[in-house]
Amino acid sequence: MRNVAKALRDEYSEDELHILPAEKNRGNFTYDGIGLGGERVCAEIEDKLRSIQEQGGKITKLSIAGYSLGGLVSRYAVGLLYAKGILEDLECMNFTTFASPHLGVRTPHKGWLNNVWNVLGARTLSISGRQLFTIDKFRDTNRPLLAVLADPNSIFMSGLKKFKRRTLYTHIANDRSVLHYTSALTKHDPYTNLEKVNLNYLEGYGAVILDPDHPIVFLPKRQRDTLLTDCEGLRKWVKTIMFIVTVGVIMPIRLAVFLIYTAVQTVRSANRIKAHESGAAGLKIEQYRMSLCIKETREDVEKAYKVLNRSQKQ
């Protein structure tokens, strides 16, 4: 994201474009959960808008981008901004995520390694782990947070609809934690075997971004079989050796280090969450605990107006 910010700053001056890199979810603070992270980001955006206004400036357009977990945090923050009415005064332009696990990170594949991933990951990454592996029940919804974020009647989807362009960028290879299906919101992954396809890159972007309209062309079966035959034996041998070394030597060491590290971070995260919920972290959380459903939000607003009208009549 630093590179994105730098490219934007090179193109636009500070008078034309204000860039707000979110600071309150840096490092291990991402363990604290998508909802808490979204509240922090929403507060940062509000503070920035208020600061600019106090200095005589005015923000007219808004774009938001998030990388990995930041994409989910951004979706939550957008819902809060929508519910608070902040988006009504802004022209919402671009909402962009890069390699964000919109469908979570639970692997649907079978096998003991995949089972270990699903069990350990969900229980060793504090609240964020439970949410990413969809074993949580978010507040009083009795549903995983990712399901609430995708609810058509939620403030989160209504907030996203305000943006003119909504774009997902996804890795097609070499990303074992956020696979293509979850970052691209798709049931199909044509990139599982890149030897069976030719990639069509978007003109002007080198071998980095695929043409979204025509990303691939499947190779003819004869050509594909020839390529596979030439390399298949060597590839299987290399994979077997790497698997034996990984499982027998590297994995036990990495697993031990991982469990110790995540245990420490989970305890620290629990303390931060406790401070956040009590208000000791400096954020008045009642401002961000509105109804998550549009219907309920409207009812809350109507009740507030009725109370206000009664007080004025008295």
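The values are calculated or read from the model by the stated rules, or taken from the named source; none is laboratory data. Computed from a prediction, not measured in an experiment: that's the story for all the values here. So basically every Cβ, Gly included, is an ideal-geometry build from the backbone, and we count neighbours across all protein chains shown.
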**Fill in**
Of the residues in segment 174-191 that are touching a residue at least 12 places away in the same chain (Cβ under 8 Å) and of a type in the set (Val, Ile, Thr), the one that is surrounded by the fewest Cβ atoms within 10 Å (Cβ to Cβ) is Thr182
**Request:** May I ask you to list the residues in segment 163-177 that are in contact with a strand residue (DSSP E or B) (Cβ under 6 Å, 6 or more places away or on another chain) and of a type in the set (D, E, K, R)?
**Result:** Lys164, Arg165, Arg166
**Message:** Step by step: first the residues of segment 57-84, then only those that are polar (S, T, N, Q) and under 19 Å from Lys164 (Cα atoms), then the one that is surrounded by the fewest Cβ atoms within 10 Å (Cβ to Cβ). Which residue is that?
**Reply:** Thr60
**Message:** Looking at the structure I just gave you, is Gly79 small (Gly, Ala, Ser) and in a helix (DSSP H, G or I)?
**Reply:** yes
**Message:** Looking only at residues that are among the aromatic types (Phe, Trp, Tyr) and out of contact with any strand residue (DSSP E or B) (no Cβ under 9 Å at 6 or more places or on another chain) in segment 193-249, which one is modelled with the highest pLDDT?
**Reply:** Tyr205
**Filter pass, Gly71 being under 26 Å from Tyr261 (Cα atoms), at pLDDT below 95 and among the small types (Gly, Ala, Ser)** = no
**Fill in**
All-but-one check, Pro144 against (1) surrounded by fewer than 20 Cβ atoms within 10 Å (Cβ to Cβ); (2) at pLDDT 95 or above; (3) closer than 16 Å to Ala184 by Cα, failing number (3)
**Asked** Is it the case that Ile34 is over 19 Å from Asp151 (Cα atoms) and β-branched (Val, Ile, Thr)?
**Response** no
**Message:** Cβ-Cβ under 8 Å, sequence separation 6+ or interchain: first residue in segment 273-288 and touching a residue at least 12 places away in the same chain (Cβ under 8 Å), partner surrounded by 11 or more Cβ atoms within 10 Å (Cβ to Cβ) and not in a helix (DSSP H, G or I). Which pairs?
**Reply:** Ile273/Gly33; His276/Leu283; Ile285/Gly279; Gln287/Lys84
**Search result, residues across segment 82-100 that are in a strand (DSSP E or B) and not acidic (Asp, Glu)** = Cys92, Met93, Asn94, Phe95, Thr96, Thr97, Phe98
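State which residue is farthest from the chain's Cα centre (by Cα) when the search covers only segment 88-102 and only residues that are surrounded by fewer than 19 Cβ atoms within 10 Å (Cβ to Cβ) and not acidic (Asp, Glu).
Among them, the one singled out is Leu90.
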**Prompt:** Here is a list of conditions, (1) outside any helix (DSSP H, G or I); (2) of a type in the set (Val, Ile, Thr); (3) in contact with a Phe, Trp or Tyr (Cβ under 7 Å, 6 or more places away or on another chain), and Ile59 meets all of them except one; can you say which number that is?
**Reply:** (3)
**Prompt:** Being charged (D, E, K, R), more than 24 Å from Asn153 (Cα to Cα), surrounded by fewer than 15 Cβ atoms within 10 Å (Cβ to Cβ) and in contact (Cβ under 8 Å) with a residue 12 or more places away in the chain, is that true of even one residue in segment 25-45?
**Reply:** no
**Request:** Might you let me know whether segment 99-106 holds any residue that is at pLDDT below 95 and not β-branched (Val, Ile, Thr)?
**Result:** yes
